[in-house]
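All remarks here apply to the structure that follows.
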Number of protein chains: 2
Amino acid sequence: MMKSAQVVKALSALAQPTRLGIYRLLVERGPEGMAAGQVAEKLKVSPATLSFHFKTLSHAGLVEGRQEGRFIYYAANFAVMNGMVAYLTENCCGGAPEACKPKK
Amino acid sequence: MMKSAQVVKALSALAQPTRLGIYRLLVERGPEGMAAGQVAEKLKVSPATLSFHFKTLSHAGLVEGRQEGRFIYYAANFAVMNGMVAYLTENCCGGAPEACKPKK
DNA sequence: CTGATACTTTAATAATTGTTTAACAATGGA
DNA sequence: TCCATTGTTAAACAATTATTAAAGTATCAG
């Protein structure tokens, strides 16, 4: 179970265009992740700015970095986002969640 | 399909403790919604502050208000949140989304 | 060891955001 | 009509956040 403050932190982290782009890129990439420099190049973000944003994302638990030689690979942490979504939809419609589900 | 800017707006709206509380309360309540005053009382928020937050939430499309006599009932708009979640998980793991799904 | 690469940290500035107080509509009962 | 109720708006202030530039750390190839 996630706590409110944790969820706010995760939402704040994603509520910024650059960070949302970073996160989506990492989601698409999957568990293998992507080196910081590749992300910088792909999204046209300066290293300092990117580093700042990675710090925000990883402090929120949404991404994790692992060092590999000179590179740092960042990967999305899916558990945290799933927890966030679960928190948002908790007790939906007083327990009768017909109205909440996405129509497929 | 939701656009990036729309998603950022929705995430920003939820990325604040008071608004997250408001939203969760409305999610729990379902389509019927809840009068602004009831929300204010339940969450111990001043009317002016609450009004400010409702504006932010409805501008993001996350809630909708309907006037009923002297009251305004606010209700969660589930389609927008579902769209937001879909945007976040799009193309997860390059199309092989084993790692992204919540374990049930 | 030296120099280049990969990334982070710090400090300064600019912009955004949240809260409060006070004043302002609009609705409806007496 | 009068007045209390319900909620919104505007202005001011404090706090948070994003970006840039410059300096700093760590790894590796030669």
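The values are calculated or read from the model by the stated rules, or taken from the named source; none is laboratory data. Computed from a predicted structure; not experimentally measured. Positions of Cβ are backbone-derived with ideal geometry, glycine not excepted, and every protein chain shown enters the neighbour counts. Each accessible area value is taken on the protein alone, full model and side chains, heavy atoms only, with ligands, DNA and RNA left out. Shrake-Rupley method; radii C 1.70, N 1.55, O 1.52, S 1.80 Å.
Here B:His59 sits with roughly 130 square angstrom of accessible surface, probe radius 1.4 Å. Label-to-label distances for B:Phe52 across copies, nearest first, come out at 2.4 nm, using points 7 Å from Cα in the beta-carbon direction. Take A:Glu64, push a point 7 Å out from Cα through the beta-carbon direction, and compare it with the same point in every other copy: 4.1 nm, smallest first.
Can you work out the PRE-style zone for B:Ser51? Point 7 Å along Cα to Cβ, and I want the residues of segment B:5-39 with backbone N under 13 Å. In segment B:5-39, the label zone of B:Ser51 (backbone N under 13 Å from the point 7 Å along Cα→Cβ) covers B:36-37.
Along the axis of the charge dipole computed for chain B (Cβ charges of +1 for Lys and Arg, -1 for Asp and Glu, origin at the Cα centre), the listed residues B:Val45, B:Ser12, B:Gly30 are led at the positive end by B:Val45.
How much accessible area is lost when chains B and A come together, counting both sides, with a 1.4 Å probe, in Å² rounded to the nearest 100? Can you show the working numbers first?
Working: alone 7040 and 7050 Å², together 11420 Å².
Buried area (both sides, nearest 100 Å²): 2700 Å².
For segment B:1-54, the Cβ-based charge dipole about the Cα centre amounts to some 180 debye (Lys, Arg positive; Asp, Glu negative; other atoms uncharged). Interface burial in segment A:21-40 reaches 30 Å² or more for A:Arg24, A:Val27, A:Glu28, comparing the full protein assembly with the chain by itself; accessible area from heavy atoms with a 1.4 Å probe.
Taking GluC sites (Glu not before Pro) as exposed when their DSSP state is a loop state and no more than 15 other Cβ atoms lie within 10 Å, the longest site-free interval of chain A runs over A:33-89.
Sorted from shortest to longest, the distances between the B:Gly37 label points of this copy and the other copies are 6.4 nm, with each point 7 Å from Cα along the line through the beta carbon. Solvent-accessible area of B:Thr89, all protein chains in place: 50 Å² (probe radius 1.4 Å, heavy atoms, ligands and nucleic acids excluded).
Just the number please: accessible area per residue for segment B:3-45, 1.4 Å probe, all protein chains included, in Å². Numbers along the way, then the final one.
Working: 1920 Å² over 43 residues.
Result: 45 Å² of accessible area for each residue.
Rounded to the nearest 0.05, the FRET efficiency derived from the C-beta distance between A:Thr18 and B:Ile72 at R0 = 30 Å is 0.25.
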